[in-house]
Amino acid sequence: FSNLGRPGRNPVKHVLRCDLVPLRDSQGLRIEVEGAGFLYKQVRHMVGALLAVGDGRMDAQVIRNALATTGSTTHKPWTVAPAKVSML
């Protein structure tokens with residue numbers, strides 16, 4: 001999830017928790033992500049990737065491969081989730 005960052009800063013971030021929580025009285029889910037810090041748009045990329053897998057546009061192996069790759073890649077086969085999402 002790394003872009004051109006500030007020199008000297010470590011782009012490696014540790015996600016401590018990522019949970020899908022059912023919404024009460026709804027068919028939706030809330031995605032809760034906890035970590036010590038995040039890169040710009042990192043959580044939106046994560047949500048976009050989860051949505052792509054969930055609706056069948058992408059295989060989960062793509063996420064595994066992306067996480068196993070060190071360094072930045074310019075091609076991401078998912079769409080970044082919008083900043084404000086009410087229901088998807």
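The values are calculated or read from the model by the stated rules, or taken from the named source; none is laboratory data. This structure is a prediction, so every number in the text was calculated from the model and none was measured. Positions of Cβ are generated from backbone atoms using ideal geometry, with glycine treated the same way; all protein chains shown enter the neighbour counts.
Going by the conditions given, is Phe1 modelled with pLDDT of 85 or more and among the aromatic types (Phe, Trp, Tyr)? Show your work before the answer.
On the way: modelled with pLDDT of 85 or more: no; among the aromatic types (Phe, Trp, Tyr): yes.
No; evaluated as a whole, the condition is false for this residue.
Is there a residue being more than 13 Å from the chain's Cα centre (by Cα) and of a type in the set (S, T, N, Q) anywhere in the range 55-63?
From the range 55-63, those more than 13 Å from the chain's Cα centre (by Cα) are 55-59, 61; that's our starting set.
Next cut, of a type in the set (S, T, N, Q) only: 61.
There is at least one residue in the range 55-63 that is more than 13 Å from the chain's Cα centre (by Cα) and of a type in the set (S, T, N, Q).
Against the condition charged (D, E, K, R) and under 16 Å from Pro82 (Cβ atoms), how does Asp59 come out, does it pass? Break it down into steps so the answer makes sense when it comes.
On the way: charged (D, E, K, R): yes; under 16 Å from Pro82 (Cβ atoms): no.
No, not satisfied.
Matching residues to (1) in contact with a strand residue (DSSP E or B) (Cβ under 7 Å, 6 or more places away or on another chain); (2) at pLDDT below 90:
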position: Gly8; (1), (2): no, yes
position: Pro22; (1), (2): yes, no
position: Ser26; (1), (2): no, yes
position: Val33; (1), (2): yes, no
position: Met46; (1), (2): yes, no
position: Gly54; (1), (2): no, no
